[in-house]
Every structure is written in structure tokens, then in C-alpha cells.
Amino acid sequence: TQLLEQSPQFLSIQEGENLTVYCNSSVFSSLQWYRQEPGEGPVLLVTVVTGGEVKKLKRLTFQFGDARKDSSLHITAAQPGDTGLYLCAGAYYGGATNKLIFGTGTLLAVQP
Amino acid sequence: NAGVTQTPKFQVLKTGQSMTLQCAQDMNHEYMSWYRQDPGMGLRLIHYSVGAGITDQGEVPNGYNVSRSTTEDFPLRLLSAAPSQTSVYFCASSYFGTQYFGPGTRLLVL
């Protein structure tokens, strides 16, 4: 079974701080990041496909490692609205992105 | 569009009881999946379907059955509930790699 390890598991920061969340895995063909708010299902933030790829979504920056074995999510000037569970999920070579392997998640709390 | 809907939202079962978790989507997506989410475990794939009449097992299929008679519906059946099946269950449909999740069903098995 392929695994995705996320770190840290929990993160509590003050509004305005920066943070980075990491996702390490075996080699995947593509990797997705989701955010999940309490009582709801995960919502897709971004998909990265190419080794070394960087994508930005407002204050969120996503990076896929050159060897496609790791990814990071960096949030600049965190806001209380960023609070939630951040999940990475990988689709491996030969598989379809409807069969994802999910990481265990990073629970982020941003205090006002 | 309602997207992906799941019923019920909450359910309490006794060990040995059976039940069906309903999932429906109105986006005409071919791919649908069922996941369970447990603390510290992330989401794990139970069963998935690539179209009406076609289903296959995921990582943790034991104790669950699925069928896909229409594109819209993908019910998950618990044959004989066990406390280990206490979890939050999410249904998802996907299109070109993007998964759309329902709001989840919270199941407690006593």
C-alpha cells in the first residue's frame, strides 16, 4: 500500500503568520491538495502534475518536488478563514485520479 | 445543480444491523467513489465505479457492498454492521481528475 505522510499533524498559529505543510510519498503521477472544513467534504484546491511545478492560489503556494515524491503547501499571512484540515492525495502511475491515496491530513487553526 | 448529495446525515446502528447509505449526483459524472474517514487515517477508498454496471474494490472493501444501476446513484450497503465501521463516510464523483465530495454520513455502530 502506498502511503502519503503529511507533517505537521496539527498547527496552531496567529493571524498574519506564514506556514508550510508537507506531503511525502512514493512517486505519484499527480498530486492534489484539498481543504476540508468541519462537517463538510473535502474541496479540491489544486492539482500538480509536473515535477518542480509551482502553482499559486491567492495566498497559497503549492509546489511539487522535482522527483514527484514530495509536495508542499505554503500559506502567506494566514487568516482565520484558512482554518481547516488540509489533505494531500496522490494518483499513481497506471491509476486514475478517481482512485486517490489520501494523506492523514494537517489540521490548521488560525487564531484571530 | 445540487452536486453530490448523501443521506442520511447521521445514523446510529446496533451491531449486526444492516443499512444502505445513499449517494446521488446530478453532474452526469461516470466515476463515483466511497471513502471512509477515521481520525489519523485520512480518507480510505472503499469501493468505486467507473460507470453504470461497473464497480470495483478499493483499499478497505470488507463488510461493504455497492451497486451502480444508474449514472446518478451509487449506494453503499453495510451487510452486518460492526463497531469498527463507526466512521464518517464520503461519496464522491469525479470528472477529469477533480473529485467532488458530498457532505458525508456520520455513522455510529454500538
Those residues of region A:46-60 that are surrounded by fewer than 17 Cβ atoms within 10 Å (Cβ to Cβ), touching a residue at least 12 places away in the same chain (Cβ under 8 Å) and within 13 Å of the chain's Cα centre (by Cα) come to a total of 1
Picking from B:M41, B:M32, the residue that is among the hydrophobic types (A, V, I, L, M, F, W, C), within 30 Å of A:Q6 (Cα to Cα), buried (at least 21 other Cβ atoms within 10 Å of the Cβ) and at the interface with chain A (Cβ under 9 Å from one of its Cβ atoms) would be B:M32
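Where in region B:1-100 are the strands (runs of 3 or more DSSP E), entirely inside, with at least 2 residues that are closer than 30 Å to A:P8 by Cα?
B:31-38, B:42-51, B:87-95
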Quiz item: Just a yes or no: is a residue in region A:94-106 part of a loop (DSSP other than H, G, I, E, B), hydroxyl-bearing (S, T, Y), within 14 Å of chain B (Cβ to nearest Cβ) and surrounded by 18 or more Cβ atoms within 10 Å (Cβ to Cβ)?
Solution: yes
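Okay, residues lined up against (1) farther than 23 Å from B:G97 by Cβ; (2) modelled with pLDDT of 95 or more; (3) outside any loop (DSSP other than H, G, I, E, B):
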residue	(1), (2), (3)
A:E17	yes, yes, no
A:L31	no, no, yes
A:P38	yes, no, no
A:G51	no, no, no
A:G90	no, no, yes
By residue number, the members of region A:4-39 that are under 14 Å from the mean Cα position of the chain (by Cα), surrounded by fewer than 16 Cβ atoms within 10 Å (Cβ to Cβ) and touching a residue at least 60 places away in the same chain (Cβ under 8 Å) are A:E5, A:S7, A:P8, A:Q9, A:F10
Check on B:F101, without any contact (Cβ under 8 Å) to a residue 60 or more places away in the chain and within 11 Å of another protein chain (Cβ to nearest Cβ):
no
Expected output for region B:57-70 (first residue among the β-branched types (V, I, T), partner in a loop (DSSP other than H, G, I, E, B), Cβ below 6 Å, 6+ apart or cross-chain) is B:T70/B:A52
Going through (1) under 11 Å from the mean Cα position of the chain (by Cα); (2) of a type in the set (K, R); (3) loosely packed, with under 13 Cβ neighbours inside 10 Å one by one, B:K9 fails only at (1)
| query | Do we find a residue being aliphatic (A, V, I, L, M) and within 11 Å of the chain's Cα centre (by Cα) anywhere in region B:47-59? | reply | no
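The values are calculated or read from the model by the stated rules, or taken from the named source; none is laboratory data. Keep in mind that this is a model prediction, so the values were computed, not measured. Glycine also receives a Cβ, built like all others from the backbone with ideal geometry; neighbour counts cover every protein chain displayed.
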